[in-house]
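All remarks here apply to the structure that follows.
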2 protein chains.
Amino acid sequence: MAVEVVYRSSRDPERLFMDKAEADRHDKMLELAESLADVLLKAVPSLNEQQVEDLGIYMAKNRDIFARAFKNQPDALNELSAADTE
Amino acid sequence: MAVEVVYRSSRDPERLFMDKAEADRHDKMLELAESLADVLLKAVPSLNEQQVEDLGIYMAKNRDIFARAFKNQPDALNELSAADTE
């Protein structure tokens, strides 16, 4: 038995990471997901909480692809179908 | 009376533009909106057609802000509340 250090995001306390950088990435992803959920709910009020949460997490997990799509490569979104199973 | 040139996107034939560049921007916006609607519907199947269309158009109209948010400035999304009335 030994004491060990684990890391977690306060936004998702149940998920523990051995690696601090990984915990940090997870926290940043959730932060973006929450902000996205907020703005999307305001923009399309008929959505429910679960839907905007799912949308936010999906887009935040694929942020690089969406960044390129919004910048100037809409075709980048085609990569998502291939990555869907992830 | 005179004949004049007007421009439109084949994706939205009812909207006519006097300026070709503006018609082109509108077409590009709708193209991105459609691609977004497709991927979001696959990602969150409980959404309906109208919701993903609204989401796609909202994000495509604000593509610069979303591009920055997805790249590395999640705070850029705060600008959307101010621009909501647009």
- [ ] Work out the count of Lys pairs in segment A:7-83 where the Cα-Cα distance is under 20 Å, with the pair 8 or more places apart or on different chains.
- [x] 4
TODO: Identify, among B:Met18, B:Ala43, B:Phe66, the residue whose Cα sits farthest towards the positive end of the charge dipole of segment B:7-83, taking +1 on the Cβ of Lys and Arg and -1 on the Cβ of Asp and Glu, with the dipole about the Cα centre.
DONE: B:Phe66
Task: Lys, Arg +1 and Asp, Glu -1 on Cβ, resulting dipole of the protein assembly as shown about Cα centre, debye, nearest 20 - done: 360 debye
TODO: For B:Met18, place a label point 7 Å out from Cα along the Cα→Cβ vector, do the same in each other copy, and report the separations in nm, one decimal, smallest first.
DONE: 6.8
Open item on the list: If the only charges are +1 at each Lys and Arg Cβ and -1 at each Asp and Glu Cβ, what is the size of the charge dipole of chain A around the Cα centre, to the nearest 20 debye?
Closed with: 280 debye
- [ ] Let me know the shape class of segment B:7-83, please: from the alpha-carbon gyration tensor, a ≥ b ≥ c as square roots of the eigenvalues, rounded when a/c is under 1.5, otherwise prolate if a/b is greater than b/c, or oblate.
- [x] oblate
TODO: Assign one of three labels to the protein assembly as shown, namely rounded, prolate or oblate, based on the Cα gyration tensor with a ≥ b ≥ c the square roots of its eigenvalues; rounded applies when a/c is under 1.5, prolate when it is not and a/b is larger than b/c, and oblate otherwise.
DONE: prolate
Open item on the list: Using a 10 Å cut-off around each Cβ of peptide A:54-63, what is the average number of partner chain Cβ atoms that fall inside?
Closed with: 4
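The numbers here are math on the coordinates, done by the rules we state, and not lab data. The structure presented is a predicted model; accordingly, all values stated were derived computationally and were not measured. Note that we place each Cβ from the backbone using ideal geometry, even for glycine, and neighbour counts take in every protein chain shown.
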